[in-house]
Structures are given as structure tokens and as C-alpha cells.
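Asks: I have a structure here, written as C-alpha cells, and I will follow up with some questions on it.
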């Protein structure tokens, strides 16, 4: 009578889908063929599929033959009782994936003898194994503690160990090689058992039960004693006491999606965003850059310098200006010292100083036909040449230089300046390409799409704190925030919350992708205090002066506010739609509260 576990395994055997699986099944059935009446005829549809050059066609006849043989093998015909005067044979199959009801190696023999102990005690029997080393177990001199315990158990039996190749061990080989069992069972090499726990060396195996693995990773990474280490240190802490398959992949995924690590740690990689040089100017003073140098000692009521640089010839003009130079005064000085001598430029590049983004300045040059271009916030590389002139000016501000020779303007309008301009333009273009080539070797290209979640890099000077804080302790990134759109080639507009009162357009080098934990999205919610930053808009609202409702036919009413901008005179006040002032809700609420107070008093 066959063991119930073997009967069940045969009954649940799925129909083979290829020749090797069919051979495995027929090898098992062939072993019991002497107990199956008419075996050859009943197995003919299946054996025909094993013929050379025979196409695989599993039809109804094959299915009926397969079910018939399974039924014949699992039936219990009347057999003779065991004859204890004859020698029994026990066949043990050593397999890592599935073990014919046993474990690997010598443990397979022990398992079989424990199962058939009532048959084998008092009789001599032969144990056949496909493991050559196991066949010498009886004569082995040095035994491990486990083998010594096995030897004590085997001393009850009268047996002989014989080696039998796996290819000849049909029954055990067929049952242990089932593909379904192999896919359902994991290999557990070099594992031991201590009480109810599985170990690998001195490390405890952690099963995949609930969130036990994730909780262990959290303990070795998120806790204060761990201190949010990197992937290697977190894995080293875990592997010192625990083990499970794919532990490395799970640790890397957990650390990569940690919000604290993404916000606080510096990326040890090349900066994002390839270099995009500004286009070469067509002629001298066709395109200029300008900026202020402030914080200088006063001289004749002047405490700052306006630096204007021609992007074609690199000629710089330094204009003394008052410390609190308004937009009107800046425009007057620009017309007097630049436009008067070199003409009106087509393009003016500057930072986002309120004087350059104010209504007066923008309207003035719009009427004059010049285009204003502003650099990305906190990205001085846009006008790097201008920054260099500013530094040189500060370093040499203590010197007095006199020059009475020919005016430099005379050289610009000398004979043949057109040819010289063409040569200069070709060299400028060559220099720009060379600069981009070498700069891009230390950068990496990154593209973001609308809706992508990113983290925004904040510089230490942008933070506002009630007490001095070392820049190394300041949070480096804020977010995650969604991308609203692309501005230019390497800048993006980001949807910022109202508390971050900064310009929402950032260069790609100030953004990095946010990695979300798909299994636990709540890890993306920060539990730390929000960051307070120094306000940095194109223009900041100082006061709301009035409001109005614009009504048009077929269009919903729209509310507008008359806004006085900080650092600009009241003449620069402008009407702005309410949706454009979403970051200045505090000033709007103050205006509404004052309006309600005036109404009550009246």
C-alpha cells in the first residue's frame, strides 16, 4: 500500500506540457507497471509522444490515458503481506527543491526510517541513496553532533547503505523533481534548527510574516540610535543578526524611499542639468547684462555701483549710484551712461531685483523696444561674466586709476570693425561650445514631466531662523512638490505651498526626483516642523490698497487687488488678479479685516 502523501501527490499531478515532464511521469508509472493490468496498451497514447520527430499534440486520448494511469497507480489492489524473511529496500532521493517527503542528505534516510520503523525493525534491509557521500556514512570516523545523534538512532536498525544513481531511482526521482513543488519551495542551504527558529550560522532567519521584515529595517534605520544610515550601514546592522532572501533589495528600496534621507542628505553624484550657454550677441552692445554691487563705503552720497557688461566685447561700464537707488534713478543712470554712448540694447539680462521687475522699468524698456530677460532664482551662472566683473571691482575699489589716452570707443568704430566683429563672434561661438563640452562631462541630463514629484533644494541663505544654526544642520531639500511645467530648456515651474514664499521656477540642478514608497505612501508625509524661508519673490506685496470686481458678459466675475510692492514707490502699484496672489493671503486678510473695521466704525 502506497503512502497517503505519495497518493495525494500523484492525484494532484497536472497534465504534462512538454516531453521532459511526460518522461518523469511515465518513469514513476513504469515502476508500478507489474501491478497495472494491460499497462502497455493503456500507456500507448503517451509513449507515442516520446517517439523521435513526433510533434507534441496533447489530445483527448492522451488526457484519458493520463487520468487512467493516475487512477491505476493510486488504487489499492489486494497485495501480499510483507515477508519479513526477505530483504526490504528503502530508496531515498536527495533533492533541494522537493524531497520525496524528506529533507536533504542523511536526513532523508532518517526521515524514511522513522516513517517505516514498524516495517523495518527486526529485519535486515537495504537503503539505496543517490548521494555517494551518504553511502559511506556507516564507516565515517568523524561525525558532527547532528550525525552523532543520527548514528544513535540508526543503531536500532539492521541495514546496509548502497549507492544508486538518481537516473535509476525512478520513483523518488519523479516525485522530487516535480516542477510545481520546485517553484513552491525555497532553497534553505546552510540552515539549522534551534528550538522553533531557523538559523543560518549565528543569524536568525526572518520569515515573511506580516510586517516583521519591514519593522526590523525600520528599527535599524529610522530610530534615533540608528541615525538614518545609508544602504550599506543599514544592511550591515541587519545582517549582523538576521537573514532572509532578497534582504539587500528590500533594504535599498526602504532607504531610497526614506523622506528624511531624501531631504537631508547630499547627493554624491554629478549635478543635474546640462549647460545651456546664452546665444551669442550679433554685434557690440546688442545684448548686455547688469547688476548692482551694494554694501560699499559711501562716496559723495553714492554707496553702490551699477555694473553693465556688453556680452559681445566684454566691455564693462561701472556707474556710481545711491545706496537706495530707485527704479527711476536706475533707468536715468542707464540712459545717461550706457544708451547715450552705445545705443539702446535689444536684450537686457539681469537678476530678479525688484527694481528690474517693477512696472516702471519693464514698461520703459517695452516702449523702447528692448527685451528683458531674468536669470533663474539663486542661479548666478546665468550671468557669470558679470559676477566676475563685480568681484574684480570690489577687490580693486581701494585703487585710484587715471588714464588720459585715447578713448576705448575709438577702437570699436575703427576701420574694418565689421570684419573684426565677425572674427570675434566665431571665436565666441567656439569658446561657448568648448565650455559646454567640458561642463557637460561633469553634469547629467535629467528630464521631468508635468506631474512628476520632486524635491527642491534650498540654500542656507534662504532659511530664516530665530537663532544661529550651522548650515550643516539645515534641511537641504523641501518637498515633495509637483512639476507644473517646463520653463526654457533646463528650468521648471514647481507648485509650492504658501509657506514657501520664494520664486517657483528652479534650475534642474536645484531639483531631484522624489522616490515614493508604493507599499506605504504615508512615509512621504513629513512629521517635522515646516521650514521657514526668507521671502524671495520677483516682487513682494507690502500692502493691499484696494480691491475691485471685474464683470464681463459671459465670464465669471473676477476679483483684483491694487497692490503696493515692497521696495517700490506707490506709483508702481498695480492691479493684480486674486489667483496670482495666492502666496500673499496674509496681506489680503489684513486688508479685508481693516475694511471690515472701517465699515463698522462708519
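The values are calculated or read from the model by the stated rules, or taken from the named source; none is laboratory data. Keep in mind that what you see is a predicted model, and the values were worked out from it rather than measured. Note: ideal-geometry Cβ built from the backbone for every residue, glycine included; neighbour counts use all protein chains shown.
Asks: When the range 539-558 is examined, which residues are found to be at pLDDT 85 or above and exposed (fewer than 11 other Cβ atoms within 10 Å of the Cβ)?
Replies: Answer for the range 539-558, where residues must be at pLDDT 85 or above and exposed (fewer than 11 other Cβ atoms within 10 Å of the Cβ): 549, 557.
Asks: Another question about this same structure. Would the range 522-535 turn up any residue that is modelled with pLDDT of 85 or more and either more than 30 Å from residue 273 (Cβ to Cβ) or in contact with a helix residue (DSSP H, G or I) (Cβ under 9 Å, 6 or more places away or on another chain) (or both)?
Replies: The answer is no; no qualifying residue exists.
Asks: Please enumerate the residues belonging to the range 467-480 that are modelled with pLDDT of 75 or more and surrounded by fewer than 20 Cβ atoms within 10 Å (Cβ to Cβ).
Replies: Matches in the range 467-480: 475, 476.
Asks: In the list 246, 270, which residue meets the criterion of being farther than 29 Å from residue 445 by Cβ and either surrounded by fewer than 16 Cβ atoms within 10 Å (Cβ to Cβ) or modelled with pLDDT of 85 or more (or both)?
Replies: 246
Asks: Can you find a residue in the range 132-147 that is closer than 24 Å to residue 85 by Cβ and modelled with pLDDT of 80 or more?
Replies: Checking the range 132-147: not a single residue is closer than 24 Å to residue 85 by Cβ and modelled with pLDDT of 80 or more.
Asks: Using beta carbons and a limit of 8 Å, which pairs, at least six apart or on different chains, have the first residue in the range 331-343 and within 13 Å of residue 290 (Cα to Cα) and the second one part of a helix (DSSP H, G or I)?
Replies: Going by the 8 Å Cβ cut-off, the qualifying pairs are 331/360; 331/361; 331/364.
Asks: So if I check each of 52, 70, 8, which one is part of a loop (DSSP other than H, G, I, E, B) and either out of contact with any strand residue (DSSP E or B) (no Cβ under 8 Å at 6 or more places or on another chain) or within 23 Å of residue 116 (Cβ to Cβ) (or both)?
Replies: After applying the criteria, what remains is 52.
Asks: Taking the criterion of being closer than 30 Å to residue 10 by Cα, modelled with pLDDT under 65 and buried (at least 17 other Cβ atoms within 10 Å of the Cβ), would at least one residue in the range 148-169 satisfy it?
Replies: yes
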